[in-house]
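See below for the structure under consideration.
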Amino acid sequence: MANSIFVTATQRGSGKSTVALGLVHVLESHLGRVGYFKPISQHQGNGADPDVLLMKEALGLEHAVEDMSPLTMDQVTEALAHGKYDQILERVIEAFGRIKEQSDFVVCEGSDYFGAMASFEFNINADLSKNLGSPILLVANGFDCGSVCPECCDTMLKNINMIKESFDEKACEFFGVIVNRCDRRHQRDSATQLREALAKNKIRLLGMIPRADMLEKPRLDEVVEALGATVLT
């Protein structure tokens, strides 16, 4: 049985970081030591990935940030350009090994589908999942799925099936799907329909998480950072 999971998404904005945070929190109540690992980070102006810092600070993780997040997307891009992809995979595996030594279970988070490398990131995430021996937990964005846009459910379903088939082609172990940000009013009916439809392709629907409007709003510190503002009082 695998002692890690690889959380990745169907698209940017699916909420995989929120799912990863919740997963670590839940597992901590059942297991002794739960680790977090994001192989490829999206560094901000201060040089740190906010997801990694949130995990470390909110959950009190003792891992070094450098081990939790050994690479940036810029480093991956440069390695691909110079034919050194295998070398960066080795760096990831070494860093993951250090996290794994200190943990009973590790939640890995895939890349953010951000910027010029977004079209290549699916293959990168598949390689990482396979090399780390971490089954895929796919997070799908269910924001438009429901009465507002019924055809969006069909689109989401097709995307999930297509992604699952692509992971199968790369011999990745697939654990299941969580649909995030769905409409609470139609959650039960949508879950029944999606579960039956996904089962035809041997995909498990693990759950549906309703949208929380509060979580859609930026925090004050995020507004300050985005504007480059100075806080006076």
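Only the coordinates and a few stated rules stand behind these numbers; no lab work does. The model shown is predicted, which means the values in this text are computed figures rather than measured ones. In this analysis, Cβ positions are derived from the backbone assuming ideal geometry, glycine residues included, and neighbour counts consider all displayed protein chains.
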ask   = Only one of the listed values, (1) 18.7; (2) 18.1; (3) 20.4, was derived from the coordinates as Kirkwood radius over Cα pairs in Å; which label is it?
value = (1)
request  = Give the cross-link partners of Lys158 among the lysines, using a straight C-alpha distance below 29 Å as the criterion and excluding same-chain residues fewer than 8 apart.
outcome  = Lys16, Lys38, Lys130, Lys170, Lys200, Lys202
key: Environment charge of Phe167, counting only residues whose C-beta is closer than 10 Å and scoring Lys/Arg +1, Asp/Glu -1   = -1
query = What distance in nm separates the simple spin-label points at Asn159 and Asp189, each placed 7 Å from Cα in the Cβ direction?
reply = 2.2 nm
ask   = Which of His82, Ala48, Phe6 sits farthest toward the positive end of the charge dipole of the chain, with +1 on the Cβ of Lys and Arg and -1 on the Cβ of Asp and Glu?
value = Phe6
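For the chain, what relative contact order do you get, as a whole percent, if you take Cα pairs closer than 8 Å and at least 6 residues apart?
23 percent
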query = Per the helix-only calculation at 222 nm, which mean residue ellipticity applies to the chain, given -39500 (n - 2.57) for every DSSP H run of n ≥ 4 and division by its residues, nearest 500 deg cm²/dmol?
reply = -14000 deg cm²/dmol
Full-extension gain in nm, Asp74 to Arg12, via 0.36 nm per residue minus C-alpha separation = 20.5 nm
ask   = Tell me, what HN-Hα J-couplings in whole Hz come from the Karplus equation 6.51 cos²θ - 1.76 cosθ + 1.60 at θ = phi - 60° for each residue of segment 155-161, using x for Gly and Pro?
value = 5, 4, 4, 4, 5, 4, 4
note = Subtracting the Cα-Cα distance of Lys200 and His30 from 0.36 nm times their residue separation yields 58.0 nm
ask   = Under 13 Å from the Cα of Lys100, which aspartates and glutamates turn up, not counting those fewer than eight places away in the same chain?
value = Glu62, Asp67
query = Rounded to the nearest 20 Debye, what is the dipole magnitude of segment 38-144 about its Cα centre when Lys and Arg each give +1 and Asp and Glu each give -1 at the C-beta?
reply = 160 debye
